[in-house]
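Below is one structure, written out as structure tokens; the observations come after it.
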Amino acid sequence: MQKTILTIVVLTLLLPVNVASASDKLSFTEETKNSAFLYEGDQLTCVVECNGAPEKDVTVTLENEDTIYASTTTDDEGKTVITLPNVSYSTPLEVKAKKTGYKNDSFTVWVLNKPKLYVSAPKVVEEEKTVTITVIDEQGNPVPDANVVFGDTQGFTNSSGTIDFQTPAVGMPTLLKIHATHENYEPSETFTLWVADNKTSVINAPLWVEEGKTFNVTSSTEDVKSITFVDETKKPMNAVFTAPLVNETRAYQIQAYDKNGTLLTYRLILVLNKEKENLLLFGPIETLEDENIEFHVLQLQTLNGLKGVDVRFADAEKVTDENGTVFFTAPPVNKPFVRYTAEVVDTEKYCCRNWTTWVRKPEEQSLIVTGPTTAYEGDKVVFNVTTGDGKPTFAMVSIRNSSAYTVNGSASITLPEVLTPSYLTVKAVKPGYLDGYTRIYVKNKEKRLTIKLEENSVNEGETFV
């Protein structure tokens, strides 16, 4: 009996012990954690260390509470790469590092849905007239350098997101298609614009009219004794017609007859279908519970705020004010992130995409960073840093290689140059607190090369400056 016990003790002592010490904690590098905002389809490079040294065979997952989107393992250098999934709306996902016997580490990465382009233009324009096309993103910001196709021509928007085209000469009302593209955005939907012919005629009438509306028709000659529109004939001195109801915009003839009933001339008028009004609804991507948040509703055709639109958010309904703005209070949540949808209620009258806002539960020991969401490179912008309970605090705020310390909770930073419009991560750091992150969309300024010649022309073989 004694021999058996001794054997067991010896075997136990000889067995390898594979239990990590309390100091064996996995940690993502700071460079990895700085990748807080990336686009869908981008590659996230993760480097995992333990006690400052690269750690291999660590399982790195990309997940939320319901789904694991990716799972991979670090190599000998502690590195692995994850391709971010496509998302229908910008979504926070958790990146986790796990290895048996080690303390895990994690951080949140926002997978950003590529912003969509929208085209703003009138529904109908006269032939041989200048028309201005505006391209904006899903938050109403103008988009420079967007390629706009206008019928058979195309061009690029300026720094204000606009471009002018000349409508072609047409013999009859003609439909043109417009769409916009940009490498950093989802392309716009195709927009249709009618070009109305404005040929000279003895018939005086509007070039277009909305269905169901009345309009006047007169004649500039006494030879015209009657005017016919659709199935109705009237005297030219008092010719008031009502545009018919149509399923889609179409052209109708207005006909002029002499006293013998002979057709003298005609002209075309466009009857516009009362389509659903296209709106743009937008607000914050992320907010804290119990915070006041605002959403905006724009008319796409005019880019003006629209008053009196019912908007629903988190089971509450409110109406936009004269600026097209509506205010809500973010609901309390019992998870780190909870998704809510803002939507325009009247879908019979309006056509509008929903907007997704994530409501976050703050941690008392975390930093909250707020500031502008869009600015130009070289701009000096101010970011505010508070603790989870809303109090301004001292912290270091950084964007790329630029950093500044807050004074009374505010820090001013000059935005770096960017080759193309890009989302940049803003990070706030304070000892004893979880790092705070936000993002800002930095647009590049137009850079044009100008060459000045000493004279208007030179001859071959001559030198010029």
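Of note:
- Taking the stretch 345-367 as the range and being over 23 Å from the mean Cα position of the chain (by Cα) and closer than 20 Å to residue 437 by Cβ as the test, the residues that pass are 361, 362, 363, 364, 365, 366, 367.
- Scanning the stretch 375-414 for residues being more than 14 Å from residue 436 (Cα to Cα), without any contact (Cβ under 8 Å) to a residue 60 or more places away in the chain, among the aliphatic types (A, V, I, L, M) and surrounded by fewer than 18 Cβ atoms within 10 Å (Cβ to Cβ) gives a total of 3.
- Matching residues in the stretch 309-339 - criterion: being out of contact with any Asp or Glu (no Cβ under 9 Å at 6 or more places or on another chain) and not polar (S, T, N, Q): 314, 315, 316, 321, 322, 324, 339
- When the residues of the stretch 399-456 are filtered to those that are closer than 22 Å to residue 358 by Cα and among the charged types (D, E, K, R), the one that is modelled with the highest pLDDT is 427.
- Look at the stretch 231-247: where a residue is farther than 21 Å from residue 273 by Cβ and a partner is of a type outside the set (S, T, N, Q) and part of a loop (DSSP other than H, G, I, E, B), sitting 6+ places away or on another chain with Cβ atoms under 6 Å, you get 236/224.
- Within the stretch 237-281, considering residues that are acidic (Asp, Glu) and under 30 Å from residue 296 (Cα atoms), the one surrounded by the most Cβ atoms within 10 Å (Cβ to Cβ): 277
- Meets criteria (farther than 21 Å from residue 193 by Cβ and in contact with a Phe, Trp or Tyr (Cβ under 8 Å, 6 or more places away or on another chain)) for residue 86: no
- Residue among 81, 48 that alone is farther than 30 Å from residue 190 by Cα and buried (at least 19 other Cβ atoms within 10 Å of the Cβ): 48
- Some residue of the stretch 276-292 being touching a Lys or Arg at 6+ places or on another chain (Cβ under 9 Å), more than 22 Å from residue 90 (Cβ to Cβ) and not in a strand (DSSP E or B): yes
- Scanning the stretch 102-154 for residues that are among the acidic types (Asp, Glu), over 18 Å from the mean Cα position of the chain (by Cα) and assigned to a loop (DSSP other than H, G, I, E, B) yields a total of 3.
- As a summary of the residue check, residue 268 satisfies the conditions (1) over 21 Å from residue 214 (Cα atoms); (2) modelled with pLDDT under 95; (3) outside any loop (DSSP other than H, G, I, E, B) except for the one numbered (1).
- Put simply, of 74, 132 the only residue that is surrounded by 21 or more Cβ atoms within 10 Å (Cβ to Cβ), of a type outside the set (Asp, Glu) and at pLDDT 95 or above is 74.
- Residue that is surrounded by the most Cβ atoms within 10 Å (Cβ to Cβ) [pool: residues in the stretch 58-70 that are over 17 Å from residue 35 (Cα atoms) and at pLDDT below 95]: 69
The values are calculated or read from the model by the stated rules, or taken from the named source; none is laboratory data. What you are looking at is a predicted structure, and each value in this text was computed from that prediction instead of being measured. We place every Cβ from the backbone using ideal geometry, glycine too, and count neighbours over all the protein chains shown.
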